[in-house]
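Read through the structure below, which is laid out as structure tokens, and then see the notes.
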Amino acid sequence: MNTVMFEKKELEPSKIVCVGRNYVEHIKELDNEIPKDMVLFAKPNSSISDELKEVSFDNHYEGEISFLILNQKIAGVGFGLDLTKRELQSYLKNKGLPWERAKSFDGAAVFSEFVSFENDINELSLELYINDKLVQKGGVNLMIYKPKTILKEIKSFMSLQDGDIIMSGTPKGVGKYKKEDKFLGKILYKDKVIVQKNWIVK
């Protein structure tokens, strides 16, 4: 089983539950419709990695505020990259088919370490830099569905185990990446960095 780090301990998430279309400006940039209900999909443990790889010609990055679950509650926060094969995803969506081939492949969920968090969750935000350029910036204040609402909705039909992760959606600014690109992902609380991670695309 693949692992993530939480307060210097290894945990084995059984799954990752992801929220799609949770930022209005991101919905617009991909020319999607604003959903009437929360869009949820899952990634398996096998998609977890701490390395960032060039996965295909149409690979896109999506930076996300990610939450770690313990005792059925949000216990930690980290920076996550939801990697997507965008052209394949568009094809599958247009055919009305599931997204797994475009979203749940090996290495499709890349994470920083997770840190404990017990403060006001509404004050969290993220920043993603690629080759020293800020490409994504957004926070809980811009989400259609806030973290506590997301948690409640997931638990209404699915059990969450200790170590499971919620990826809460991506703000505008997604795009392609390539080998040797330098990524820096940050999670901020009231504009102060609480966790960050560097990657170089392999």
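The values are calculated or read from the model by the stated rules, or taken from the named source; none is laboratory data. What you see is a predicted model, and the numbers here were worked out from it, not measured in a lab. All Cβ positions, even for glycine, are placed from backbone atoms using ideal geometry, and neighbour counts span all protein chains on display.
Scan region 142-160 for residues that are in contact (Cβ under 8 Å) with a residue 40 or more places away in the chain, assigned to a loop (DSSP other than H, G, I, E, B) and over 20 Å from Ile34 (Cβ atoms) and report the count.
2
In region 63-86, how many residues are more than 25 Å from Tyr129 (Cβ to Cβ) and either of a type outside the set (A, V, I, L, M, F, W, C) or modelled with pLDDT under 95 (or both)?
Total meeting the criteria: 3.
What number of residues within region 174-194 satisfy the criterion of being part of a loop (DSSP other than H, G, I, E, B), touching a helix residue (DSSP H, G or I) at 6+ places or on another chain (Cβ under 8 Å) and surrounded by 17 or more Cβ atoms within 10 Å (Cβ to Cβ)?
Residues meeting the conditions: 1.
Restricting to region 104-118, and then to whatever is in contact with a Ser or Thr (Cβ under 6 Å, 6 or more places away or on another chain) and not aliphatic (A, V, I, L, M), can you tell me which residue is nearest to Val39 (Cα to Cα)?
For region 104-118, the residue satisfying everything is Ser104.
Among the residues of region 110-141, which ones are of a type in the set (Ser, Thr, Tyr) and in a helix (DSSP H, G or I)?
None; the set is empty.
Can you go through Lys192, Lys186 and tell me which one is under 23 Å from Ile74 (Cβ atoms), of a type in the set (Lys, Arg) and either without any contact (Cβ under 8 Å) to a residue 60 or more places away in the chain or out of contact with any strand residue (DSSP E or B) (no Cβ under 7 Å at 6 or more places or on another chain) (or both)?
Lys192
Looking at the structure I just gave you, is Lys93 farther than 26 Å from Glu7 by Cβ, among the basic types (Lys, Arg) and part of a helix (DSSP H, G or I)?
yes
Gly169 - would you say it is part of a loop (DSSP other than H, G, I, E, B) and farther than 30 Å from Leu70 by Cα?
Here the answer is no, as Gly169 does not meet what is asked.
Step by step: first the residues of region 52-109, then only those that are surrounded by fewer than 22 Cβ atoms within 10 Å (Cβ to Cβ) and of a type in the set (Ser, Thr, Tyr), then the one that is nearest to Lys146 (Cα to Cα). Which residue is that?
The residue in question is Ser104.
Out of Gly96, Gly173, Gly163, Gly139, which single residue is under 22 Å from Ile34 (Cα atoms) and touching a Pro at 6+ places or on another chain (Cβ under 9 Å)?
None of the other options fit; the residue is Gly139.
Only residues that are of a type in the set (A, V, I, L, M, F, W, C) and either at pLDDT 95 or above or part of a strand (DSSP E or B) (or both): list them for region 2-44, please.
Listed by number, the residues that qualify are Val4, Met5, Phe6, Leu11, Ile16, Val17, Cys18, Val19, Val39, Leu40, Phe41, Ala42.
Within region 61-83, work out how many residues are more than 8 Å from the chain's Cα centre (by Cα) and in a strand (DSSP E or B).
11
Given Ser49, Ser125, which one is buried (at least 16 other Cβ atoms within 10 Å of the Cβ), within 17 Å of Leu11 (Cα to Cα) and either acidic (Asp, Glu) or under 15 Å from the mean Cα position of the chain (by Cα) (or both)?
After ruling out the rest, the residue left standing is Ser49.
Identify, by number, the condition in (1) modelled with pLDDT of 95 or more; (2) surrounded by 15 or more Cβ atoms within 10 Å (Cβ to Cβ); (3) within 19 Å of Val17 (Cα to Cα) that Met143 doesn't meet.
It is condition (1) that Met143 fails.
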